[in-house]
Structure formats: structure tokens, C-alpha cells
Amino acid sequence: MARSMTGFGRAGYTASGLDITVELKSVNHRYFEFTSRLPRGYMYLEEKLKSFCQQQISRGKLEVSVIIEDKGAETAAVEANTALAEAYLNAVKGLSERLRVKNDVKMSSLMNIPELFTVKKQMLEEETVTSAVLAAAEEAMGSFIAMRDAEGEKLKADVLSRADEILRKVEYIEERSPETVTAYRQRLEQKIRELIADVQVDEQRLLTETAVFADKVAVSEETVRLRSHIEQLRQLLDGGGPVGRKLDFIVQEMNREANTIGSKAQDIDIARTVVDIKSEIEKIREQIQNIE
């Protein structure tokens, strides 16, 4: 099964008072590239997430986004700035004595002092958070891979249909090629007769010239190799696993054979067919750039 490098997956998970959301999205890339977006204070998750993802993905530019909301009230601690409160009270007392006004500061007055109280979240143990985040990541990975597989099947179907079209054109070239040799012999014989009029044509020389031409334009070796490459292409797509790089190499070889056939072509119909083949190969190359 072919697998696309484009995918998206999202999952939510709740554990230990944490609401966790993990998103995975990827696009095609020559190698595996990992980036993450993590909340402040949770950067220790990066390597663990990267290791987890590498076990599932071999190629692609992957971005992992993690949102963590702590809903646990027991994890919150409020601290009072005692020194600031004492300084405030002393300042008010001194001002009251100097101006000879009543000091009527109450506790409610202290509550309005900026930065008097600090709320601190007590971080959960790394192991607890990591376990919860990886559980969410695993769920997101399921839908992520399902999308990649679905996209991969579409790519596979398109590539195979184009490969079949190439085979049809290769068959035409194989049928047409011997006809070009026969046509060449006829043109050569006619030209010789026009030049030497009633003189007897040297049949042996004619056969030799025809044989040289036939050898020059012969493309049977190239078409056989092209068929072999297409069969390898099909086997790789049916076999599954990370095959993108192998497919890229095979397509290069297919293009090489097509170029050789084109360079040997002495027939306009074959030349046009080669152009069509190269067009299909280029479309295949574009498609496999997104196969893992």
C-alpha cells in the first residue's frame, strides 16, 4: 500500500486534571523533518514526541501542536507577598500619623494592591504529563495515518493508470519500429533506381544498408527495459512500506529509456509517441514526490 506524505490528525484526551489536544499535520519532504509547538514549561515533551512519531513516519515534514489546559484546582497555589503588604501598611501608618487622619485600612484594602498575591500552578510530574500527551498523540496518529493511506491509494491509482498508458504506447512503438525499417528499404531502393536508371541494383549492398539502418533504429532493448521498470513500479506500489525514494529512481530510469528511444527514432509517429510517454513519466514523477 502506498502512503501519501500529506496528512492531518487531531485528538483530545483528558487525564489527571489535564485537557490535552494534539494535532499532527505533514507535507511532502525528502527526509523526515519534525517541528513542534508546545506550551511554555512543557518543552521536555519534544524529544519524546519526535521519537514516537519517527516510529510511525519515515518521510515528510511533520508539525506537532500540543495544547494543555490544567483543570485541576488542587494543582494551583496562591502565595502572598508579605513584605509588600508590610511595606504598604507601614507607609499608610506613617502617612496617617503625619497628616493626623484616622488609619482605617482594612483587609479588603490590601486585596487591591497590585502583585500582592501570586497564583502558581503546581506542575504535574513529567511522567504523568508525558503519558497523557503520548496517549493523545497515539489517537491523533491513527486518524493521521488513515488520511495518509487514503491519499496514498489515490496516488497509486493515478500512477498505475499512467503506467498502463505508457505500456500501450510502448506496444505501438514495438509494432511500428519494424515498419520503419521496411519503409526505409523501399525508399532506399527507389532512390537508387532513380539514380542509376536501368542498372541492376546490388541486392547485397541494399541488404547491408538496410541492416545498418535497422540496427541504428532498433529499440527492442529499450522497450524491454521500460516494461521491466514499469513492472518494478507496480510491485513497489503493491508491496507497501516506504517506497518513495525507490520509485523516484525507477522513474529516472524510465525517463532514460524513453530518451534513448527518442534519440533513435527516425519516424515521426514514433517520435510523437515518445513525447507522449515522457509526458506521462513526468506526471508520474510529480505524483510520487508525495509518496512516503
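The values are calculated or read from the model by the stated rules, or taken from the named source; none is laboratory data. Here the structure is a predicted model, which means the values were calculated and not measured. Note that each Cβ is placed from the backbone with ideal geometry, even for glycine, and that neighbours are counted across all protein chains shown.
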**Report entry** Matching residues, the stretch 115-160, being surrounded by fewer than 18 Cβ atoms within 10 Å (Cβ to Cβ) and not in a helix (DSSP H, G or I)
**Finding:** 115, 116, 117, 118, 119, 120, 121, 122, 123, 125
Report summary line: Of the conditions (1) touching a helix residue (DSSP H, G or I) at 6+ places or on another chain (Cβ under 9 Å); (2) in a strand (DSSP E or B), the single one that residue 53 does not satisfy is (2)
Query raised in the report: Has the stretch 23-45 got any residue that is exposed (fewer than 14 other Cβ atoms within 10 Å of the Cβ) and in contact (Cβ under 8 Å) with a residue 60 or more places away in the chain?
Result: yes
Query raised in the report: Does the stretch 1-17 contain any residue that is exposed (fewer than 15 other Cβ atoms within 10 Å of the Cβ), outside the structural domain of residue 140 (by TED's automatic domain parsing) and in a loop (DSSP other than H, G, I, E, B)?
Result: yes
Report task. Only residues in the stretch 155-168 that are within 17 Å of residue 3 (Cα to Cα) count as the first member; pair them with residues that are among the β-branched types (Val, Ile, Thr) and crowded, with 19+ Cβ neighbours inside 10 Å, Cβ under 9 angstrom, at least 6 apart or cross-chain, and list the lot. Result -> 155/288; 155/291; 156/291; 158/284; 159/284; 159/288; 159/291
Requested in this report: Being surrounded by 12 or more Cβ atoms within 10 Å (Cβ to Cβ), more than 43 Å from the chain's Cα centre (by Cα) and over 30 Å from residue 237 (Cα atoms) narrows it down to one of 96, 108, so name that one.
Outcome: 96
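Just checking, which of 78, 22 is modelled with pLDDT of 95 or more, in a strand (DSSP E or B) and out of contact with any Ser or Thr (no Cβ under 6 Å at 6 or more places or on another chain)? Break it down stepwise before answering.
On the way: 78 fails: modelled with pLDDT of 95 or more.
Of the residues listed, the single one that is modelled with pLDDT of 95 or more, in a strand (DSSP E or B) and out of contact with any Ser or Thr (no Cβ under 6 Å at 6 or more places or on another chain) is 22.
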Query raised in the report: If only one of 283, 246, 278 is part of a helix (DSSP H, G or I), touching a Lys or Arg at 6+ places or on another chain (Cβ under 7 Å), in the same structural domain as residue 230 (by TED's automatic domain parsing) and of a type in the set (D, E, K, R), which one is it?
Result: 283
Query raised in the report: So, in the stretch 243-277, of the ones that are farther than 30 Å from residue 32 by Cβ and without any contact (Cβ under 8 Å) to a residue 12 or more places away in the chain, which residue ends up surrounded by the fewest Cβ atoms within 10 Å (Cβ to Cβ)?
Result: 268
Query raised in the report: Is it the case that residue 58 is under 17 Å from the mean Cα position of the chain (by Cα), in a strand (DSSP E or B) and not assigned by TED's automatic domain parsing to the domain that holds residue 247?
Result: no
Report task. For the stretch 68-83, state whether one or more residues are surrounded by 14 or more Cβ atoms within 10 Å (Cβ to Cβ) and within 30 Å of the chain's Cα centre (by Cα). Result -> yes
